[in-house]
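First the structure, which I've put down as C-alpha cells, then a few questions once you've had a look.
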Amino acid sequence: MNKHKNVDYVIDWETMDNKPSSVVLSFAITPFYEDELSSFDELESVSKYWKFDVDSQTKEGRTIGQDTLDWWLKQDKEVYESQMLPSDIDVHLSTFVQELKDFIEQTGGSSWSQLYCRGADFDYPILGSIIENYSDEDPKMFPVPFWNKNDLRSYIRGMFVDRKFTKVPLPNGTLTGFKHHDPIHDCVRAAMHIQYARKYALGELDIPDNPDPNSNK
C-alpha cells in the first residue's frame, strides 16, 4: 500500500449471533484507496483474514443465537464447513486484536482513514465489544476514530442520490470467482462498490448496461 495516500478499509464478520457479544467465526479487512479503481485480484491480495477459536469464546461468555445457527444450516455446504468447522488457523480474540493493530500500521492506516461496513448496527458493535474485552485499545478510537466509521449503504445512496441504491452495478467480469459469505470476497466487492460509485458520481465512468451478475448478490 502507498503510505503517502490516505488508505481506507472495509470490514466483514461471520458470526453465530446478531448481538455485540456474539461468538465470531471469522473476520476480513480490505485496505483500498477511494479515488482509484482496483481489480478484484489486487484487492484480494492485500486483504487480511482471521478465523477464530470458538471453544474459548463460549467459555468466556460470548453468545450463540439459535436463529443464526438455523440460518447457517441453510447455506452452501462448502461455505458452512469453511466457517463452522475448527481449523489449524483458528486464533484467540486477543491475538486477533494485536494482529489487527499490526495490520493497520503496516498498511499505513491513520486518523484520516475511513472504515466501512454494510450497516452500522452489526459489524461495529461486535468489533467494539471485542476490542473492549480483549485489549487495552479504546474502541472509540481503534482501528479508526469513531467519526470516521461509515455505513456502506449510506455512502452508496449518497453517491447515487437515490435511497433505493445500496449496491453498485460493476462492469461485467470484474467479480469473476466471487463467493457470497466469503468474508474477503464480501470486503473486496464492497471496496469496489465504493470506488466505482465515486467514479459514476463524478461522471468519470458510465454505469454499465450489462453489469456483473455478482454486483447485487
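Please treat every number below as a calculation from the coordinates, not as lab data. Since the structure is predicted, the reported quantities are computational estimates derived from the model, not experimental observations. Counting neighbours? That spans all protein chains shown, and the Cβs are built from the backbone with ideal geometry, glycine included.
Show the residue pairs meeting these rules: Cβ distance below 8 Å; 6+ apart or different chains; first residue within region 65-79 and touching a residue at least 40 places away in the same chain (Cβ under 8 Å); second residue exposed (fewer than 14 other Cβ atoms within 10 Å of the Cβ).
79/180
Considering only residues that are in a strand (DSSP E or B) and among the hydrophobic types (A, V, I, L, M, F, W, C), look in region 1-23 and name the one that is nearest to residue 109 (Cα to Cα).
10
Right, next: Does any residue in region 81-106 that is surrounded by 13 or more Cβ atoms within 10 Å (Cβ to Cβ) come within less than 7 Å, Cβ to Cβ, of a residue that is among the aliphatic types (A, V, I, L, M) six or more places away or on a different chain, and which pairs are these?
83/25; 84/25; 93/130; 97/130; 97/131; 103/29
Got at least one residue in region 88-110 being of a type in the set (Gly, Ala, Ser) and under 17 Å from the mean Cα position of the chain (by Cα)?
Scanning region 88-110 turns up at least one residue that is of a type in the set (Gly, Ala, Ser) and under 17 Å from the mean Cα position of the chain (by Cα).
Tally time: how many residues in region 16-47 are basic (Lys, Arg) and buried (at least 21 other Cβ atoms within 10 Å of the Cβ)?
0
Report, by residue number, each residue of region 86-110 that is out of contact with any helix residue (DSSP H, G or I) (no Cβ under 6 Å at 6 or more places or on another chain) and among the hydroxyl-bearing types (Ser, Thr, Tyr).
Within region 86-110, 87, 95, 107, 110 meet the criteria.
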